[in-house]
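The structure appears below as structure tokens.
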Amino acid sequence: MFTELISISIIVSTTAIAVVAFFIAKKWKKLGAEAVAALQTAKLDADEAKANLESAKIHGCIDRTRRRQVEAVFDVLRDSVLVVDAHGEILHANGCAEGLLFVAPSEAAGMPLADVVIDHQLVSTISDARCGLPKEGRQYEQEIQVGGETVAYEVHLQSVGHKDEAMHAVVTVLRDLSREREIARLKSDFVSKASHELRTPLSSISAYIEMLVDGDAADETARQEFYAVISTETVRLQRMINNLLNISQIEAGLMHIDRERVEFGELVERAVRNMTPQAHAKSLDIHTELASVDLAVKGDSDMLYQVVVNLLSNAIKYTPEGGRVTLSADAENLTHSLHFSVSDTGLGIAPDQTEKVFDKFYRVENYRRVAQGTGLGLNLCRHIVETLHSGQIGVESQLGMGSKFWISIPVGECSVKLAA
Ligand code: ADP
């Protein structure tokens, strides 16, 4: 009986354990499946999140790249550019804007406009523009403080996006007008000087013609004198106009360049032969010192001749009677260049005027009565030597002690044709 009871109890407990075990197993199995499913879902979410992160990174990268590209475009502009967002913070300042800012342009992004831009008026102009601008923007001229100087700018303001949108920004483009104004000043200076210089021979020509017409010349000798003045002034006028044309064509880069071998020594001798009558008329002694080396250069024979004649003619004009003029030419192997100079024992030039004599229409005031001239000869020489033959021209002089005008041109350089 006892044995039976034990057997029954063993069977019951085993069955109970089996049932419990079954349920536990079932529960665990269920739990395990859920856990696996949950884990799988979590993994999928993580994968998706990772993919999203990667995509965001890529997009972020693309945005940054695009932004850098846009900034790089701004940076190549010669105008200053300031981009300000709806809250008045700098979004971008390009390299050119450096002079307008307290900080380097690369550090300006994210900073308030008023903390970055030096000129108060510009700050208020841009701030006002944030509240609204016409569709076509606004443009005007404004004087702005840059590095302690007042500079004239053309300011162009333009809105980007609607003013109620988060993306709204104001783009300010500032163009420095200094160079334009300087060019305008030079132009008007040039026109007034040119008209003054052209008027002088013209007035003289018209006055002498009028006297001839009125019968003011008493006899044939007087008439011939009047004709001579008219002829001289006409030649001067022609020379001035030709020089002006040649200078402006060289400045505009419109001269056609032809290379040819020029025997510089022969060119100097020809110039001396042609100018000897003028030199003799003033009892001047002309010396030629040509080095016994090859003095050939590649260039334009007519133009180089014009340079030699201009320098020689000036030396004759501005050297008092009995003086001496020396022309020297030599070639330097080391630098492959030819050196030529015209020295005189004449009036000389004051130190503050030695550079000015190469300017258009510049004439030393006191020498105007000494000789006639156009004030264009040396300027043309400078253009022929420096612009067209890549050489150099200069002068060494002492007031009352004479001058030495020199040129140096590369032996292998080229040339162009001038108006006759
Ligand atoms: P210009 O036709 O008046 O001579 P240039 O351009 O050749 O014009 O010369 C400009 C000015 O430079 C001259 O008017 C003169 O005042 C000065 N100058 C040029 N050459 C000499 C020189 N050898 N000695 C003294 N002054 C000179």
Could you tell me which residue out of PRO201, SER178, ILE126 lies farthest along the dipole of segment 114-223 toward its positive end? Charges go on the beta carbon: Lys and Arg +1, Asp and Glu -1, centred on the Cα centre.
ILE126
Send over the per residue convex hull volume for segment 181-251, Cα only, as a whole number of Å³.
69
Give the separation of the Cα centroids, segment 384-415 to segment 191-222, in Å.
36
Over 25 Å between Cα atoms, which of LYS187/LYS298; LYS193/LYS356; LYS193/LYS404; LYS187/LYS317 qualify?
LYS187/LYS298; LYS193/LYS404; LYS187/LYS317
Label model pair LEU77, ARG185: point-to-point distance (7 angstrom along the Cα→beta-carbon line) in nm is 2.7
Rank by packing, highest mean first: peptides 120-128, 310-318, with packing defined as the count of other Cβ atoms within 10 Å averaged across residues.
310-318, 120-128
So what are the ³J(HN,Hα) numbers for segment 135-151, from phi and the Karplus equation (6.51, -1.76, 1.60; θ = phi - 60°), rounded to whole Hz, Gly and Pro as x?
4, 7, x, 9, 9, 6, 9, 9, 8, 10, 7, 9, x, x, 10, 9, 10
Using θ = phi - 60° and Karplus 6.51 cos²θ - 1.76 cosθ + 1.60, couplings along segment 280-293 (whole Hz; Gly, Pro as x)
5, 4, 10, 6, 8, 9, 9, 10, 10, 10, 9, 5, 7, 10
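Rounded to the nearest 0.05, what FRET efficiency is calculated for TYR362 and GLU136 with R0 set to 35 Å and r the Cβ-Cβ distance?
0.15
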If I model a spin label at GLU154 and ASP216 as a point 7 Å from the Cα along the Cα→Cβ vector, what separation in nanometres do I get?
5.0
Please list 175-183, 97-105 highest first by mean number of surrounding beta-carbon atoms within 10 Å per residue.
97-105, 175-183
With PHE102 itself left out, Lys, Arg at +1 and Asp, Glu at -1 over residues whose Cβ is under 12 Å from its Cβ give -4
Mind checking the full-extension length gain between ASP330 and SER292? Use 0.36 nm per residue of separation minus the Cα-Cα distance, one decimal, nm.
12.9 nm
Using a basic spin-label model with each label point 7 Å from the Cα along Cα→Cβ, how many nm lie between GLU107 and ASP258?
6.1
Excluding ligands, DNA and RNA, the carbon-plus-sulfur percentage of the accessible area of segment 181-251 with a 1.4 Å probe reads 59
Which of the peptides 337-348, 245-256 is most tightly packed, and how do the rest follow, judged by the mean count of other Cβ atoms within 10 Å per residue?
337-348, 245-256
Quantify, in whole percent, the carbon and sulfur part of the accessible surface of segment 260-419 (1.4 Å probe; protein heavy atoms only).
49
Once you charge only the Cβ atoms, +1 for Lys and Arg and -1 for Asp and Glu, what is the size of the charge dipole of segment 309-387 about its Cα centre, to the nearest 20 debye?
360
Decide, for segment 260-419, between rounded, prolate and oblate: order the square roots of the alpha carbon gyration tensor eigenvalues as a ≥ b ≥ c, take rounded if a/c falls under 1.5, and otherwise choose prolate if a/b is larger than b/c, else oblate.
prolate
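The values are calculated or read from the model by the stated rules, or taken from the named source; none is laboratory data. In this text, all values refer to a predicted model and were calculated from it rather than measured experimentally. Cβ atoms come from the backbone with ideal geometry, glycine included; neighbour counts cover every protein chain shown. Accessible surface areas use protein heavy atoms only, side chains included; no ligands, DNA or RNA. Shrake-Rupley method; radii C 1.70, N 1.55, O 1.52, S 1.80 Å.
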